[in-house]
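Data first, discussion second: the structure below is written as C-alpha cells.
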Amino acid sequence: MTEEILYKRRSSIACLADALDLMNNNIATILRKCWPYMLATALLSAAIVTAMINIFAGKPLMINGIVTAAASVAAIVAYSLFYGKIISGLSGDSFIDTSKRIAMFMLIMIAVTVVFIALVYGIGYALGVVAINHLSILKHINIIVTILSILVSVAFIVVLIPFVYVGMKYFYGNTTVRKFCKEYKTGMHYFFYILGTSLLLLFVIAIIGTIVGLPITILFNAAISSSASTMIGDPSDLPSNFSTLTFAVAFVVSLIYALISIWELLVARYIYGSIEKRKEMQSQADKVE
C-alpha cells in the first residue's frame with residue numbers, strides 16, 4: 001500500500017485528512033486483501049446485534065446470551081486479523097505477529113474496562129451501605145450518583161486516551177507489554193494532543209454513525225415496544241422474520257462500520273507517527289541546548 005510519511009509532525013486535522021487520503025488511495029488493495037476478515041467481522045457483529053435485540057424483544061435469554069458471548073469472543077479474533085492485515089501491509093511486519101499483538105492489546109483493554117466496571121459497582125455498593133447507615137443522604141442521592149458517574153466516566157477516558165499511542169506502537173512491534181508503563185507515560189505527556197484528535201474524530205464518527213445506525217435504532221425500539229406489549233398481555237406485533245430482518249440490516253450496517261473503523265485505525269496510526277516525530281524533534285532540541 002502506498003502512503004504518506006508516517007513519522008511526520010501533524011496537526012489533529014492533518015491526522016484525519018491524511019488517514020482518509022491513505023484509505024481512499026488504497027481502498028481497492030485493502031478490500032482485495034482484507035475482505036475475508038472484514039466479512040467475518042460484519043457477520044459476527046450482526047450476530048451480536050441480532051442476539052441482543054432478540055433479548056430485548058423477549059426471546060429466550062439463554063440461547064441469545066450464548067450467541068452473544070460466543071460471537072464476541074470470535075469477534076476479537078476476527079478484528080485482530082482484520083486490523084493485523086492492514087497494519088502489517090503498511091509496516092511490512094509479519095501478519096500473524098501483528099494480529100497476535102492486536103489480539104493481546106484488545107484483551108488488555110477488555111481487562112481495563114472490566115476493572116472500571118467493577119469499580120463502578122464497588123462505588124455503588126459502598127454508596128448503598130452509607131445511605132442505609134445515614135438515611136439523611138438519601139435526599140441528595142441523585143446529585144451524588146450524578147457527580148460520581150461523571151467523575152468515573154472522566155477518569156475512564158483519561159486512563160484510555162494514552163493507550164491510543166501505546167497500542168499503535170505495540171502494533172508496530174516497537175515496544176512490548178513490559179514497557180507499557182514507560183510508553184503510557186509518553187502517551188500521557190501528549191494527552192491533550194491525543195484527546196483533541198480523538199474528539200475531532202469522534203465528532204465526525206458520531207454524525208456518520210447516527211445516520212448509518214438509524215435502521216438498528218428503529219429495530220431496537222420496535223423490539224422494546226413489542227416486549228412491553230407482551231408484558232401487559234398483548235400479542236407480539238413483530239413479524240415472524242424479525243430476527244432474519246434484523247440480522248440482514250445489522251450485517252449491512254456492520255460492513256459500513258468496518259470501513260469506518262479502517263479510517264479510525266489509520267488516524268490512530270498517524271497520531272502515533274506524529275508523537276514519535278515530536279519526540280525526535282524534542283530530543284534534538286535538548287541536545288542543541
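The values are calculated or read from the model by the stated rules, or taken from the named source; none is laboratory data. Because the structure is predicted, anything quoted here is derived from the model rather than measured. Glycine also receives a Cβ, built like all others from the backbone with ideal geometry; neighbour counts cover every protein chain displayed. When the accessible area is computed, the model is the full protein with side chains, heavy atoms only, and any ligands, DNA or RNA have been set aside. Shrake-Rupley method; radii C 1.70, N 1.55, O 1.52, S 1.80 Å.
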Among ALA14, TRP35, ILE208, pick out the residue whose Cα is farthest towards the positive end of the charge dipole of the chain, where Lys and Arg carry +1 and Asp and Glu carry -1 on C-beta, about the Cα centre. ALA14
Pairing the Cα long axis of helix 214-231 with the longest principal axis of the chain, what angle in degrees results, from 0 to 90 and rounded to the nearest 10? 30
With N residues in the chain, what two-decimal value do you get for its Cα radius of gyration over 2.2 N^0.38 Å? 1.17
Counting only helical runs of four or more DSSP H residues, what would the 222 nm mean residue ellipticity of the chain come to if each run contributes -39,500 (n - 2.57) and the total is spread over all its residues? -29500 deg cm²/dmol
Contour minus Cα-Cα span, SER225 to ALA118, at 0.36 nm per residue, comes to 35.4 nm
Give the relative contact order (percent, whole number) for segment 53-205; include only Cα pairs under 8 Å separated by 6+ residues. 18
Rounded to the nearest percent, how much of the accessible area of segment 184-282 (1.4 Å probe, protein heavy atoms only) is carbon and sulfur? 73
On Cα atoms only, tilt of 191-212 relative to the major axis of the chain in degrees: 50
Does anyone have the angle between helix 141-160 and the longest principal axis of the chain? Alpha-carbon axes, 0 to 90°, nearest 10? 30
Heads up, segment 120-218 by the C-alpha gyration tensor (a ≥ b ≥ c square roots of eigenvalues; a/c under 1.5 rounded, else a/b over b/c prolate, else oblate) looks oblate
Quick one: if you stick a label point 7 Å off each Cα along the C-beta vector at LEU151 and SER240, how many nm between them? 5.6
How much area per residue is accessible in segment 100-169 when the probe is 1.4 Å and only protein heavy atoms are counted (Å²)? 62
Please turn the phi angles of segment 257-271 into ³J(HN,Hα) values with the Karplus equation 6.51 cos²θ - 1.76 cosθ + 1.60 (θ = phi - 60°), one per residue in order, whole Hz, x for glycine and proline. 5, 4, 5, 5, 5, 5, 4, 4, 4, 6, 5, 4, 5, 6, 4
Which whole-number percent is the relative contact order of the chain (Cα, under 8 Å, 6+ apart)? 35
GNM result for the chain, Cα springs below 10 Å: residue of TYR184, TYR272, TYR125 fluctuating most strongly: TYR125
Taking the alpha-carbon centre of each part, the distance from segment 184-257 to segment 38-92 in Å is 14
15 Å Cα cut-off, lysine pairs counted over the chain (separation 8 or more, or different chains): 14
Against the rule of thumb 2.2 N^0.38 Å, how large the Cα Rg of segment 80-149 comes out: 1.94
For segment 20-103, what does the relative contact order come out to in percent, with C-alpha contacts under 8 Å and a separation of six or more? 29
Karplus (6.51, -1.76, 1.60) ³J(HN,Hα), θ = phi - 60°, over segment 14-26, in Hz, Gly and Pro reported as x: 5, 4, 5, 5, 5, 5, 5, 5, 4, 5, 5, 6, 10
Expressed as a percent, the accessible surface of segment 48-142 that is carbon or sulfur, using a 1.4 Å probe and the full set of protein chains, is 77
